[in-house]
1. Find the accessible area per residue for the chain; the probe is 1.4 Å, ligands and nucleic acids are left out, and the unit is Å².
2. Where both residues lie in region 47-190, what percent of DSSP beta bridges are antiparallel, nearest 5?
3. Could you work out the helix-only [θ] at 222 nm for the chain, with each DSSP H run of four or more residues adding -39,500 (n - 2.57) and the total divided by the number of residues, to the nearest 500 deg cm²/dmol?
4. Could you tell me which Cys residues in the chain have no other cysteine's Cβ under 4.7 Å from their own Cβ, answering none if every one has a partner?
5. What is the Rg over Rh value, at two decimals, for region 47-190, using alpha-carbon atoms and the Kirkwood definition of Rh?
6. How large, in percent, is the carbon and sulfur part of the accessible surface of region 47-190 at a probe radius of 1.4 Å?
7. Give, as ranges by residue number, the residues of region 35-63 whose backbone N falls under 13 Å from the point 7 Å along Cα→Cβ of residue 15.
8. Here are some pairs, 90/135; 103/220; 62/103; 103/161; 90/159; 103/222; which of them have Cα atoms lying more than 27 Å apart in this structure?
Amino acid sequence: MAGSSEKAPDYGRGVVIMDNWPGYDLNLFTYPQHYYGDLEYILIPHGIIVDRIERLAKDIMKDIGYSDIMVLCVLKGGYKFCADLVEHLKNISRNSDRFVSMKVDFIRLKSYRNDESMGEMQIIGGDDLSTLAGKNVLIVEDVVGTGRTMNALLSSIEKYKPNMIKVASLLVKRQPRSDGFRPDYAGFEIPNLFVVGYALDYNEYFRDLNHICVINEHGKEKYRV
């Protein structure tokens, strides 16, 4: 069963960033000039993200037991996390005595407009999920918030009877409306903030920002649709 509402292993919660964490001053790091004035602060610098993903890869490989893996990447926000995670998984496989076959497929989910959830999930692509039957599936997601989107996706996949489903999410938001879902692997647990960067967007902007940052009100208004 993917995810759990019960107490998870240590790596299931990830690095916990508390509500009172002030973040890093933007002037301490470099970031694209075209976003000057649009951000409050850096929540997670790029280097810390990369190091955490490397550790996630080790945890996943140890847990799955060097079995062949079908990686299902949730686009668009998850593409950078997925690419870096898969590269680390491949490196672990190359340096072990057992080769692990990894295939990557893609699905796109849409549940936000501006910074608000639309309350329902649209699945775009992934028409042939029947190929997941009997496979060890690793879903790679950028952010788990309320959990409703991921639960809807899991319901769509489980009817094809995969051998196993695990969920890895770069971020987990602490939200009062959460239904209790937790991914099997989490990079960081963060406050209920709207964050951008490292391929996470606000109306398709900020994907080119390497750090994970908190957008300010000026940035929201500037790129609002």
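1. 50
2. Antiparallel bridges make up about 15 percent of those DSSP assigns within region 47-190.
3. Mean residue ellipticity at 222 nm (helix-derived): -7500 deg cm²/dmol.
4. 213
5. With Rg and the Kirkwood Rh in hand, the quotient comes to 0.95.
6. Reported share for carbon and sulfur atoms: 46 percent.
7. Taking a point 7 Å out along Cα→Cβ of residue 15, the residues of region 35-63 whose backbone N falls under 13 Å are 43-56.
8. With Cα atoms farther than 27 Å apart: 103/220; 90/159; 103/222.
The values are calculated or read from the model by the stated rules, or taken from the named source; none is laboratory data. Everything numeric in this text was worked out from a predicted model, so none of it was measured. Neighbour counts are summed over all protein chains in view; Cβ atoms, including those assigned to glycine, are modelled from backbone coordinates with ideal geometry. In case anyone asks, the SASA skips ligands and DNA or RNA and just uses the protein heavy atoms, side chains included. Shrake-Rupley method; radii C 1.70, N 1.55, O 1.52, S 1.80 Å.
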